[in-house]
Amino acid sequence: MLYIENVHKQFDNGLLALEGIDLAIKPGEVVSLVGTSGCGKSTLLRIVAGLEFPTLGAALIDGEVITAPHPKVGLIFQEARLMPWLTVAENIQFGLKDLPRLEQQWRTEQVLQKVHLTNFAEALPRQLSGGMAQRVAIARALVTQPSMLLLDEPFSALDAFTRTQLQDHLLDIWAEDHPTLLLVTHDVEEALVLSDRIIVLRPHPGRIHRELAIELPRPRRRTSLEFQRLKEQLIGDLDLTPGLDLVKR
Amino acid sequence: MQTIRRRNTFSNLTTAIPWDNIIPWVMPAALILLWQVLAQIGVINSRILPAPTEVVQAAIRLTLSGELFKHVTISAWRAVVGFLIGGSIGLFFGVLNGVSRPAELLADSSIQMVRNIPHLAMIPLVILWFGIGDEARIFLVALGVLFPIYVNTFYGIRAIDPGLIEMGRVYGLNRRQLFSQIILPGALPSMLVGLRYALGNMWLTLIVAETIAASSGIGYMAMNAREFMQTDVVVVAILLYALLGKLADSSVRWLEKVTIAWHPSQNLK
């Protein structure tokens, strides 16, 4: 269980990125944080990841305050962040150094199968396409058998086809072990395809504007009427009125 | 993966003879041949430039007398000692300032100031300090080697993708693991570029230092031969420097092939 309790985050330059965030996420739940840039969604994810610390309040995993990256949490960033000097297999084993050699190899094979990259175990990152590299990043996050995956705009650097493919792929992976997924995205459709619940944040300062439970059955059809209706509603919640920033100032 | 076939009627020939390895040698060979011919028919005066055969003869003569070996060893010794001293100082400060912001603040601007003095301009001062002994030459070589190593190590570390360093935090690496598993491999390509520059500087500095004030070494051999108008020996000395420089460069290339095969500068397979 993940609890975010009254989290405030003020940066050193005085900018208030998050104000009074309260959120509870059940094990196995898929939750998306959406919002325009500057709404603090990435900051919130980084606080859960243990890479940033709240100015006030706390984030807790299983009753423990997060003070450092948690071993049961896997992280996936927008960039694959693979070590260019390590092969795909070595990159995946990067976080497994404490396990016996055979266990490392066995687990690596398992996750490579999951992301359909068995033939690329010995390849170097520079030989991979963007989508393949991101799949390796997913495999690297899965290999520690995390109970929660944090994804920071994981597919936004990819082309539209690869993105759709990887979204479906992520759902397949989720269907197997049901890890908790907390996803930051600015892609409304991505949030709708993946999530049980969507949290809409609004900036200046970052606050939760609305929570939306998505009860559509999976797999979801991106073209269904209900899907389109929810999409429209979400876009309305995001407050994308052009020029609004200018008017306010 | 697709294989690209060359449309070539002589495709059997092209696979049998490694043209790609031969073609680069055609021009140099032709030039040497031209040089030999021009020297033999007397177009080039042998006081100006002796024929290649004369140069080879001089090289053989010097080798047999043991003179060549003596001068090469003493030059190589100076180069290596100077390189080790300057290289380790440059590496030390490069790493230190690369990983520590306070150390950078303290030392970097001073090092950059000294770096901007052309080290060969220090020769008069160095002679005043050390006389014309080996210390002076080793000091100059060390100075010439230090800065390329320093600068490239420092920037190599600073240019590492912060995302990779954050991955180290995610996996809970301690400082020592972070250094050996992320910072060092990440900075290595840049460090090897520094090494290559440093080796170039090393020979250059040594040539100048040995021609100005020395009683042994390849540079001395060349200057001494000049006094006796032995142009062939001068050419041998110059070729020796070229050979040693090439040798140093090739060894760094080999080192790159072994250690940073993953880097975009290297061809895969």
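Which translational diffusion coefficient, to the nearest whole µm²/s, is obtained for chain B from the Stokes-Einstein equation, given a Kirkwood hydrodynamic radius over C-alpha pairs, 10 °C and 1.306 mPa s?
Details: Rh = 22.1 Å.
So the translational diffusion coefficient is about 72 µm²/s.
Below 8 Å between Cα atoms, with a sequence gap of 6+, how large is the relative contact order for chain A in percent?
Working: 448 pairs, mean separation 65.7, N = 249.
Worked out over chain A, it gives 26 percent.
Please work out the FRET efficiency for the pair A:GLU5 and A:ALA213, using the Cβ-Cβ distance as r and a Förster radius of 22 Å; give the result to the nearest 0.05. Mind showing how you got there, number by number?
Details: r = 21 Å, r/R0 = 0.95.
The computed FRET efficiency comes out at 0.55.
Could you list the GluC sites (Glu not before Pro) in the range A:64-160 that lie in coil according to DSSP, counting only those with at most 15 other Cβ atoms within 10 Å of their Cβ?
Values: sites: A:GLU64, A:GLU79, A:GLU90, A:GLU103, A:GLU109, A:GLU122; in loops: A:GLU79, A:GLU122.
The qualifying sites are A:GLU122.
Need the full-extension length gain, A:ASP12 to A:ASP177, defined as separation in residues times 0.36 nm minus the C-alpha distance. One decimal, nm.
Values: separation 165, 0.36 × 165 = 59.40 nm, distance 3.96 nm.
Contour length minus Cα-Cα distance gives 55.4 nm.
Which of these, A:VAL184, A:VAL65, A:VAL136, has the largest mean-square fluctuation under a Gaussian network model of chain A (Cα springs below 10 Å)?
Residue with maximal mean-square fluctuation among A:VAL184, A:VAL65, A:VAL136: A:VAL65.
With label points built 7 Å along Cα→Cβ from the Cα atoms of B:LEU255 and A:GLU122, find their separation and express it in nm.
Here the modelled spin labels are 2.8 nm apart.
Which net charge results for the neighbourhood of A:GLU215, defined as the other residues with beta-carbon distances under 11 angstrom from its beta-carbon, given Lys and Arg at +1 and Asp and Glu at -1?
Working: positive: A:ARG197, A:ARG218, A:ARG220; negative: A:ASP196, A:GLU226.
Net of charged neighbours comes to +1.
Using a 7 Å offset from the Cα along the Cα-to-Cβ direction at both B:SER110 and B:LEU268, what is the distance between the two label points in nm, to one decimal?
4.6 nm
Sort out for me the Cα centre separation of the range B:169-218 from the range A:200-220, rounded to whole Å.
Rounded to whole Å, the Cα centres lie 53 Å apart.
Within chain B, which DSSP H helices have Cα atoms that stretch 30 Å or more along the helix axis and a mean Kyte-Doolittle hydropathy of at least 0.0? Please report the intermediate quantities before stating the final value.
Numbers: long enough: B:19-40 (32 Å, 1.11); B:67-99 (47 Å, 1.22); B:134-158 (36 Å, 0.97); B:184-212 (41 Å, 1.13); B:231-259 (42 Å, 1.02).
Once both thresholds are applied, what remains is B:19-40, B:67-99, B:134-158, B:184-212, B:231-259.
Using only the alpha carbons, work out the radius of gyration and Dmax of the range A:114-163 in angstrom.
Rg then Dmax for the range A:114-163, in Å: 11.5, 31.
So if R0 is 56 Å, what FRET efficiency would A:TRP106 and B:ARG61 give, r being the distance between their Cβ atoms, rounded to the nearest 0.05?
Working: r = 67 Å, r/R0 = 1.20.
That gives a FRET efficiency of 0.25.
What distance in nm separates the two pseudo spin-label positions at B:VAL26 and B:LEU120, each 7 Å out from Cα along the beta-carbon direction?
3.6 nm
Over what distance in Å are the Cα centres of the range A:5-63 and the range B:97-144 separated?
After rounding, the separation between the Cα centres reads 50 Å.
Any idea which of A:ALA175, A:LEU142, B:LEU146 is furthest toward the positive side of the dipole for the protein assembly as shown, if Lys and Arg beta-carbons carry +1 and Asp and Glu beta-carbons -1?
B:LEU146
For the protein assembly as shown, max minus min Cα coordinate along each principal axis, in Å, sorted largest first?
Reported extents, whole Å, longest axis first: 97, 66, 55.
Tell me the net charge near B:VAL126. Cut-off is 15 Å between Cβ atoms, B:VAL126 excluded, with +1 for each Lys or Arg and -1 for each Asp or Glu. Spell out each step's value before the answer.
Values: positive: B:ARG78, B:ARG137; negative: B:ASP134, B:GLU135, B:GLU210.
Combined, the nearby Lys, Arg, Asp and Glu give -1.
Report the calculated FRET efficiency for B:GLU135 and B:SER88 (r = Cβ-Cβ distance, R0 = 22 Å), to the nearest 0.05. Write down the numbers at each step before the final one.
On the way: r = 17 Å, r/R0 = 0.79.
About 0.80, to the nearest 0.05.
Before rounding to the nearest 500, sum -39500 (n - 2.57) across all DSSP H runs of length at least 4 in chain A and divide by the residue total; then give [θ] at 222 nm in deg cm²/dmol.
On the way: 8 runs with 85 residues, N = 249.
Computed ellipticity for chain A at 222 nm equals -10000 deg cm²/dmol.
What do you get for Rg/Rh over the range A:48-207 if you use C-alpha atoms and the Kirkwood form of Rh? Write down the numbers at each step before the final one.
Numbers: Rg = 16.2 Å, Rh = 16.7 Å.
Rounded to two decimals, Rg over Rh is 0.97.
Using helices alone, what [θ] at 222 nm do you get for chain B, with -39,500 (n - 2.57) per DSSP H run of 4 or more residues, divided over all residues and rounded to the nearest 500? Display every interim value, and only then the final one.
Values: 12 runs with 203 residues, N = 269.
Taken over chain B, the calculation gives -25500 deg cm²/dmol.
Bear in mind that the values in this text are calculations on the coordinates, not laboratory data. Just so you know, these numbers come straight off a predicted model, no measurement behind them. For neighbour counting, all protein chains shown are included, and Cβ atoms are generated from backbone atoms with ideal geometry for every residue, glycine included.
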